[in-house]
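Take a look at the structure below.
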Amino acid sequence: MFSDTEGASLVRLARQAVEDYLDRSVIIEPEASDVRKFGVFVTLNQVTRAKEYLRGCIGFPLPEKRLHQSVVHAAVAAATQDPRFPPVSRKELDSITFEVSVLTIPEELRTSQHQYRDQIRIGQDGLILRWKYGSGLLLPQVPVELRWDVDEYLANICYKAGAPPDVWLDPSSKLFRFQAMVFKEMEPRGPVTRLDLHQYR
């Protein structure tokens, strides 16, 4: 759906959006004229000598805005509005990698809850859980990076939604899956690659 060149341009747009916002307190208007709408998440990772640490991640699960507009707004929000972290400072950007995930439309799993395990594919599916008190989302790269199996994935999507680990079994809960194309800087301001999550399956 997206070429590597297109994916790299989205990542560069995300970085530019954050740099311009931190420098001038403006949200840029993307020049691209692509009218397609997609769900988008932007992830920021702090790079150290030993490993990467999450520094911010915010996005839009549903295709409600034009692609490039979503990337800009998600990037700025990931850098400044993620409640888990303080806002990113300008000097931090030299040690942060940018990652853009372009989402497919979420699909509700409509079979029996006890059959969910057979329908969730690690390395391919992201999850959204909606229950009576809230919702949570995990991108498909998360269980890959953390080496979760399907049962751990289901428990952690419940935790992300602020729920007990077995609330996915509640008939009133709804579970959705989606896929994502993920493009990431290999180092801060470095080359961008398409992540192949399937290699970890």
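For segment 131-165, how many residues meet the condition of being assigned to a loop (DSSP other than H, G, I, E, B) and acidic (Asp, Glu)? Matching residues across segment 131-165 total 1.
Would you mention how many residues in segment 166-191 are assigned to a helix (DSSP H, G or I) and crowded, with 17+ Cβ neighbours inside 10 Å?
2
Would you check which residues across segment 85-102 are part of a loop (DSSP other than H, G, I, E, B) and in contact (Cβ under 8 Å) with a residue 24 or more places away in the chain and list them? Within segment 85-102, PHE85, VAL88, SER89 qualify. Scan segment 6-13 and tell me whether some residue there is touching a helix residue (DSSP H, G or I) at 6+ places or on another chain (Cβ under 8 Å), closer than 20 Å to LEU139 by Cα and in the same structural domain as ASP196 (by TED's automatic domain parsing). Yes, that holds for at least one residue.
On the given criteria, is ILE105 touching an Asp or Glu at 6+ places or on another chain (Cβ under 8 Å), touching a residue at least 24 places away in the same chain (Cβ under 8 Å) and in a loop (DSSP other than H, G, I, E, B)? No; evaluated as a whole, the condition is false for this residue. Filtering segment 116-130 to residues that are surrounded by 14 or more Cβ atoms within 10 Å (Cβ to Cβ) and assigned to a helix (DSSP H, G or I) leaves TYR116, GLN119. Test ALA180 against the stated conditions and say whether it is closer than 15 Å to GLU99 by Cα and either among the small types (Gly, Ala, Ser) or in the same structural domain as ALA14 (by TED's automatic domain parsing) (or both). Yes: the conditions hold for ALA180.
Counting residues in segment 22-30 that are modelled with pLDDT of 95 or more and small (Gly, Ala, Ser) gives zero. Residues considered: LEU22, LEU44. Of these, the only one that is among the aliphatic types (A, V, I, L, M) and in a helix (DSSP H, G or I) is LEU22. Exactly one condition in (1) more than 14 Å from LEU10 (Cα to Cα); (2) outside the structural domain of ASP151 (by TED's automatic domain parsing); (3) not in a loop (DSSP other than H, G, I, E, B) is false for HIS73; which is it? Going through the list (1) more than 14 Å from LEU10 (Cα to Cα); (2) outside the structural domain of ASP151 (by TED's automatic domain parsing); (3) not in a loop (DSSP other than H, G, I, E, B), HIS73 breaks only (1). Here LEU67 qualifies as surrounded by 20 or more Cβ atoms within 10 Å (Cβ to Cβ), among the aliphatic types (A, V, I, L, M) and over 24 Å from GLU145 (Cα atoms). ALA74 fulfils the conditions (1) within 19 Å of LYS184 (Cβ to Cβ); (2) touching a residue at least 60 places away in the same chain (Cβ under 8 Å); (3) surrounded by fewer than 23 Cβ atoms within 10 Å (Cβ to Cβ) except for a single criterion, (3).
Pairs are defined by a Cβ separation below 6 Å, a sequence spacing of at least 6 or placement on different chains, a first member in segment 134-160 that is outside the structural domain of SER172 (by TED's automatic domain parsing) and modelled with pLDDT of 95 or more, and a second member that is crowded, with 21+ Cβ neighbours inside 10 Å and of a type in the set (A, V, I, L, M); no pair meets this definition.
The values are calculated or read from the model by the stated rules, or taken from the named source; none is laboratory data. Since the structure is predicted, the reported quantities are computational estimates derived from the model, not experimental observations. Because the Cβ atoms are built from the backbone with ideal geometry, glycine has one as well, and the counts that use them run over all protein chains shown.
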